[in-house]
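Take this structure first; my questions come after.
The values are calculated or read from the model by the stated rules, or taken from the named source; none is laboratory data. For clarity, every value in this text was computed on a predicted model and none was experimentally measured. Don't worry about glycine lacking a Cβ; one is built from the backbone with ideal geometry, like all the others, and counts go over all protein chains shown. Protein only, heavy atoms only, side chains kept; ligands, DNA and RNA dropped before computing areas. Shrake-Rupley method; radii C 1.70, N 1.55, O 1.52, S 1.80 Å.
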Amino acid sequence: MARPTIFIDGEHGTTGLEIRQRLDALPHYEVKSIAPDRRKDAAARRAMMEAVDLVVLCLPDDAAKEAAAMAEAMGDAAPRLLDASTAHRVAPGWAYGFPELTPEQGSLIAAAKRVSNPGCYPTGAIALIRPLVDAGLVPADHPISVNAVSGYSGGGKAMIEQYESGQGPAFDMYGLGLTHKHVPELQLYAGLAVRPIFVPSVGNYRQGMLVSVPLHLDALPARPKAADLEAVLAARYAGSEWVSVIPSPLAEPRKDRIEPEADNGTNRLELRVYANESYRQAVLVARLDNLGKGASGAAVQNMGLMLGVS
């Protein structure tokens with residue numbers, strides 16, 4: 001039986017290289033490439049699109065939109081698309097590529113012709129918030145703040161070069177105009193009616209991410225305990241291959257500390273509920289590899305669903 005064929009449009013960028021590396025380690029797929037001197041040749045790209053089963057778009061947003069339009073113009077000859085950019089994450093007609101979003105999301109991805117790979121920051125935030133909104137513990141109109149820190153590899157070529165040349169700061173908070181492009185995606189798929197405050201930051205290390213959501217428990221109508229939040233998360237992700245809820249994290253060896261790099265090189269997403277019941281406060285924390293479950297790992301997971309390969 002022939003292996004499914006894949007073309008990574010933009011395979012020489014950070015995400016494209018990571019996806020290619022992961023696919024090269026798998027026997028299930030055949031990855032096809034365009035000669036380096038023809039990577040921007042529209043005719044060559046179209047011919048490659050016609051020749052494969054699935055195209056992964058690892059392109060800037062405008063280029064991803066152009067590639068999607070090119071595929072649409074091919075009609076029945078068009079391949080399935082998996083877009084790793086932010087161009088189509090809230091666009092009609094595109095399935096959102098977070099299989100753990102709801103019990104039905106994996107089937108929706110498997111049936112979709114067009115799938116948008118999630119952003120790294122939203123992956124952690126949505127995984128924490130959406131189950132609590134669905135369960136009614138966090139109202140959809142509750143004011144939510146999300147704080148996050150990522151390794152510099154999530155910032156693109158210029159940021160990577162800055163840090164790897166020794167010119168990057170130890171820590172950099174950004175997006176303080178509160179217009180980060182991940183916010184619409186985060187709000188929509190977390191099920192929030194009110195735009196959340198999102199404050200990202202970057203640390204002087206290559207990869208690994210922490211996403212945190214603070215909650216005043218008595219400000220929630222149900223006045224839940226931390227155990228209630230943890231139970232809802234555990235029930236949502238029970239049986240999940242990649243998403244796990246770590247129980248009672250304050251009993252772990254490092255107790256009230258967590259570092260961002262432990263899941264690097266994997267597709268894991270770990271969720272924790274830290275709380276102080278005396279003060280009725282909690283902090284929900286997600287840990288993931290921004291290049292793994294936050295990008296290339298999620299892409300390979302979605303390819304498996306789209307192409308029927310486990």
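When region 228-258 is examined, which residues are found to be free of Cβ contacts under 8 Å to residues at least 40 places away in the same chain, open to solvent by 60 Å² or more (accessible area, probe 1.4 Å) and either under 27 Å from S153 (Cβ atoms) or more than 26 Å from the chain's Cα centre (by Cα) (or both)?
E241, L250, A251, P253, R254, K255, R257
Return the total of residues in region 223-258 being on the phi < 0 side of the Ramachandran plot and either modelled with pLDDT under 95 or hydrophobic (A, V, I, L, M, F, W, C) (or both).
Narrowing region 223-258 to residues on the phi < 0 side of the Ramachandran plot: 224-238, 240-247, 249-254, 256-258.
Adding the requirement that they be either modelled with pLDDT under 95 or hydrophobic (A, V, I, L, M, F, W, C) (or both) leaves 226-227, 229, 231-235, 238, 242-243, 245-247, 249-254, 256-258.
The qualifying residues number 23.
Restricting attention to region 263-308, which residues are among the basic types (K, R) and more than 15 Å from the chain's Cα centre (by Cα)? Walk me through how you get there before you give the answer.
Restricting attention to region 263-308, the residues satisfying the condition of being among the basic types (K, R) are 268, 272, 280, 287, 293.
Scanning region 263-308 gives R272, R280.
Just to verify a result, which residue in region 93-133, among those that are of a type in the set (S, T, Y) and touching a residue at least 60 places away in the same chain (Cβ under 8 Å), is surrounded by the fewest Cβ atoms within 10 Å (Cβ to Cβ)? Talk me through it step by step, then tell me what you get.
First pass over region 93-133, keeping only residues of a type in the set (S, T, Y): 96, 102, 107, 116, 121, 123.
Among the residues that remain, those that are also touching a residue at least 60 places away in the same chain (Cβ under 8 Å) are: 96, 121, 123.
On the way: Y96: 25, Y121: 28, T123: 31.
The residue in question is Y96.
What is the one condition in (1) closer than 27 Å to T15 by Cα; (2) in contact (Cβ under 8 Å) with a residue 60 or more places away in the chain; (3) not in a helix (DSSP H, G or I) that S296 does not satisfy?
(3)
Please state which one of G166, G155 is at pLDDT below 95 and buried (at least 16 other Cβ atoms within 10 Å of the Cβ). First the steps, then the outcome.
Details: G166 fails: buried (at least 16 other Cβ atoms within 10 Å of the Cβ).
Only one candidate passes the filter, namely G155.
Given the conditions (1) open to solvent by 60 Å² or more (accessible area, probe 1.4 Å); (2) within 22 Å of the chain's Cα centre (by Cα), report the number of the one that T14 does not fulfil.
The one condition T14 does not meet is (1).
Still on this structure, I have one more. Residue under question is R195, and the condition is that it be out of contact with any helix residue (DSSP H, G or I) (no Cβ under 9 Å at 6 or more places or on another chain) and free of Cβ contacts under 8 Å to residues at least 24 places away in the same chain; does it hold? Please lay out each step first, then the result.
Numbers: out of contact with any helix residue (DSSP H, G or I) (no Cβ under 9 Å at 6 or more places or on another chain): no; free of Cβ contacts under 8 Å to residues at least 24 places away in the same chain: yes.
Considered against the rule, which asks whether it is out of contact with any helix residue (DSSP H, G or I) (no Cβ under 9 Å at 6 or more places or on another chain) and free of Cβ contacts under 8 Å to residues at least 24 places away in the same chain, R195 comes out as no.
Further question on the same structure: When you check A135 against the structure, is it modelled with pLDDT of 95 or more, out of contact with any Lys or Arg (no Cβ under 7 Å at 6 or more places or on another chain), aliphatic (A, V, I, L, M) and within 23 Å of A231 (Cα to Cα), yes or no? Walk me through it before giving the result.
Values: modelled with pLDDT of 95 or more: yes; out of contact with any Lys or Arg (no Cβ under 7 Å at 6 or more places or on another chain): yes; aliphatic (A, V, I, L, M): yes; within 23 Å of A231 (Cα to Cα): yes.
So A135 passes the test.
Considering only region 61-92, state which residues are without any contact (Cβ under 8 Å) to a residue 24 or more places away in the chain, under 27 Å from R39 (Cα atoms) and either of a type in the set (A, V, I, L, M, F, W, C) or open to solvent by 60 Å² or more (accessible area, probe 1.4 Å) (or both). Give the steps one after another, and end with the answer.
Restricting attention to region 61-92, the residues satisfying the condition of being without any contact (Cβ under 8 Å) to a residue 24 or more places away in the chain are 65-66, 69, 71-73, 75-76, 92.
Those still in the list that are under 27 Å from R39 (Cα atoms) too: 65-66, 69, 71-73, 75-76.
Scanning region 61-92 gives K65, E66, A69, A71, E72, A73, D76.
Which one of these is under 16 Å from the mean Cα position of the chain (by Cα) and not hydrophobic (A, V, I, L, M, F, W, C): P60, P99?
Numbers: P60 fails: under 16 Å from the mean Cα position of the chain (by Cα).
Every option except P99 fails the conditions.
May I ask you to list the residues in region 213-226 that are within 26 Å of the chain's Cα centre (by Cα) and part of a helix (DSSP H, G or I)?
Once the filter is applied, which keeps residues that are within 26 Å of the chain's Cα centre (by Cα) and part of a helix (DSSP H, G or I), region 213-226 yields only A226.
Scan G166, G191 and give me the residue that is under 19 Å from the mean Cα position of the chain (by Cα) and on the phi > 0 side of the Ramachandran plot. So that I can check it myself, show each step before the final result.
On the way: G166 fails: under 19 Å from the mean Cα position of the chain (by Cα).
One residue alone meets the criteria, G191.
Select from region 1-20 the residues that are free of Cβ contacts under 8 Å to residues at least 24 places away in the same chain and assigned to a helix (DSSP H, G or I) and list them in ascending order.
Result: L17, R20.
Right, here's the next one. Sort out which residues of region 21-47 are closer than 21 Å to M74 by Cβ, in a helix (DSSP H, G or I) and over 27 Å from the mean Cα position of the chain (by Cα), and write them in order of number.
R38, A42, A43, A44, R46, A47 - these are the residues of region 21-47 that are closer than 21 Å to M74 by Cβ, in a helix (DSSP H, G or I) and over 27 Å from the mean Cα position of the chain (by Cα).
In region 183-209, what residues are polar (S, T, N, Q) and open to solvent by less than 20 Å² (accessible area, probe 1.4 Å)? Steps first, answer last, please.
First pass over region 183-209, keeping only residues polar (S, T, N, Q): 187, 201, 204, 207.
Listed by number, the list holds a single entry, S201.
Ok, one more. Mind checking whether some residue in region 269-284 is open to solvent by less than 20 Å² (accessible area, probe 1.4 Å), under 20 Å from V56 (Cβ atoms) and hydrophobic (A, V, I, L, M, F, W, C)? First the steps, then the outcome.
The initial filter retains those residues of region 269-284 that are open to solvent by less than 20 Å² (accessible area, probe 1.4 Å), namely 269, 271-273, 282, 284.
If we keep only those that are under 20 Å from V56 (Cβ atoms) too, we end up with none.
Taking every residue of region 269-284 in turn, none turns out to be open to solvent by less than 20 Å² (accessible area, probe 1.4 Å), under 20 Å from V56 (Cβ atoms) and hydrophobic (A, V, I, L, M, F, W, C).
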